[in-house]
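Report on one structure; see the data block that follows.
The values are calculated or read from the model by the stated rules, or taken from the named source; none is laboratory data. A quick note: this is a predicted structure, and the numbers were derived from the prediction, not measured. Don't worry about glycine lacking a Cβ; one is built from the backbone with ideal geometry, like all the others, and counts go over all protein chains shown.
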Amino acid sequence: MASLGGWKIKGKNMASISTTILLLIWSTEFTIGSIRVDENRDNSEAELAGGSRKFRTEFLQEWPTPGTGPYFDTTVPTNITGLVGKTVLLNCKVKNLGNRTVSWVRHRDIHLLTVGRYTYTSDQRFEAMHSPHTEEWTLRIRYAQRKDSGIYECQISTTPPIGHFVYLTIVEPVTEINGGPDLFINKGSTINLTCIVKYAPEPPPAVVWKHNRDDINFDSPRGGISLVTEKGILTTSRLLVQKAIASDSGLYTCEPSNANPASVRVHILNGEHPAAMHHGISTILSGPSLVAFVLSTILLFYHHSIRWKEFRLT
């Protein structure tokens, strides 16, 4: 058996083994250096420069490794819309974090809100959320306010730090019932109530109508009650109650599931004059009556002015 420095391995020369290893390393480096990748191909295949042999190249893509350092998952949404009074979650996903830390910073006042799982603000509405062994770092804002709108930065403690911006908008939806706050309906007519929901980040999943604080039963023996809801940028919910009777009077409330409710009080009239009940003198002095009243006032004032001048001359 050949020997090298007194070391023998199953009759093989260590020098020969070393030479073989070096040749393998050199050959591997040479082969990788000779790879020609066609970037226009969708099947992620590469071809050796000297032949037609093909193989997959997914391993050449950027995957988290200890050498690449941390980076953000940019597929996480960066434009968030929340509702006043509700809880808002700002999400940040960091890959290959290693021993670095993740912080949340509010740009409006350059305020450090969280570091890791710890919260560094006296405003108890803000809270850091993170589950061990996951890539998600979340900033939770409870009881959101309009002033919370703005830019928030998810920051990694690299040198220099790298950040990922999240844009938050807090909105307050508006719910209205046309014709409120009081509606006067003649007995036997149809009650037509239209509820409109505006400025909601998304259409309300449900719109509930109540009569005197009780959910309206569309299958009640009374019958003649129907509801039509159209969802979109403006959500419209129309309640129809046919052949109104005295018991239909009362408070009607429209309650969207993601917005504040709105109410209107319905009065069922049985021969009364609705204009006098509802508007009083403001109804009497409307249209032509209002014009006549103004002209009469002007003429009366002019007449008294002339009489006053005549009195002073005498």
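Restricting attention to the range 193-219, and to residues there that are of a type outside the set (S, T, N, Q) and without any contact (Cβ under 8 Å) to a residue 40 or more places away in the chain, which single residue is surrounded by the most Cβ atoms within 10 Å (Cβ to Cβ)?
Residue satisfying both the conditions and the ranking: 203.
Taking the range 99-126 as the region of interest, how many residues are at positive phi and either loosely packed, with under 13 Cβ neighbours inside 10 Å or touching a residue at least 40 places away in the same chain (Cβ under 8 Å) (or both)? Write out each step before concluding.
Let us first name the residues in the range 99-126 that are at positive phi, namely 110, 116.
From what is left, the residues that are either loosely packed, with under 13 Cβ neighbours inside 10 Å or touching a residue at least 40 places away in the same chain (Cβ under 8 Å) (or both) are 110.
The qualifying residues number 1.
The set of residues from the range 130-169 being under 15 Å from residue 116 (Cα atoms) and hydroxyl-bearing (Ser, Thr, Tyr) comprises 131, 134, 138, 157, 158.
Going by the conditions given, is residue 309 in a loop (DSSP other than H, G, I, E, B) and either modelled with pLDDT under 60 or out of contact with any Pro (no Cβ under 6 Å at 6 or more places or on another chain) (or both)? Before you say what the answer is, go through the steps one by one.
Details: in a loop (DSSP other than H, G, I, E, B): no; either modelled with pLDDT under 60 or out of contact with any Pro (no Cβ under 6 Å at 6 or more places or on another chain) (or both): yes.
Against the criterion (in a loop (DSSP other than H, G, I, E, B) and either modelled with pLDDT under 60 or out of contact with any Pro (no Cβ under 6 Å at 6 or more places or on another chain) (or both)), residue 309 does not qualify.
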